[in-house]
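Here's the structure, in structure tokens; my notes come after.
The values are calculated or read from the model by the stated rules, or taken from the named source; none is laboratory data. All of these numbers come straight from a predicted model, not from anything done at the bench. Positions of Cβ are generated from backbone atoms using ideal geometry, with glycine treated the same way; all protein chains shown enter the neighbour counts.
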């Protein structure tokens with residue numbers, strides 16, 4: 001491989017080499033590569049650009065991996081009209097209030113010098129939110145569920161607002 005760009009602009013110019021006739025050739029019929037045509041059960045990306053028959057609509061909102069335009073719902077499994085879709089939200093988050101480890105250690109260390117004053121460090125609390133919010137959309141023969149991990153308490157309310165907006169577009 002030549003580290004210098006070629007005059008035609010190809011930065012990865014290969015030195016001219018004759019192909020090895022004994023090398024395996026997939027186009028010779030044995031082990032030929034089949035074109036990607038029929039669905040294979042894997043992820044088929046959404047084609048770039050507007051959907052057939054729709055205007056070039058901007059994405060108004062995204063909920064996880066679900067995108068919403070004025071007239072269309074876009075999921076990894078395909079596009080379908082937003083009119084008549086049913087949206088559900090399931091909040092599976094939990095918030096725990098615990099005393100952090102550093103406060104317990106400081107309370108033990110300070111207790112020996114200030115008696116009961118060090119126990120005030122045990123009143124320090126910390127909130128941890130864990131879990132996820134599940135959003136499902138179904139309609140027109142399609143069903144998709146998105147699971148959004150929750151990192152703070154207000155995320156559930158934010159997702160509910162986005163789903164209510166999608167419901168207003170679906171009505």
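From the residues in region 145-171 that are closer than 19 Å to residue 86 by Cα and outside any helix (DSSP H, G or I), which one is farthest from the chain's Cα centre (by Cα)?
By that ranking, first place goes to 171.
Determine which member of the set 136, 129 is free of Cβ contacts under 8 Å to residues at least 60 places away in the same chain and under 18 Å from the mean Cα position of the chain (by Cα).
Numbers: 129 fails: under 18 Å from the mean Cα position of the chain (by Cα).
It is 136.
Output yes when any residue across region 32-53 is outside any helix (DSSP H, G or I), at pLDDT 85 or above, within 19 Å of the chain's Cα centre (by Cα) and closer than 27 Å to residue 158 by Cβ, and no when none is.
no
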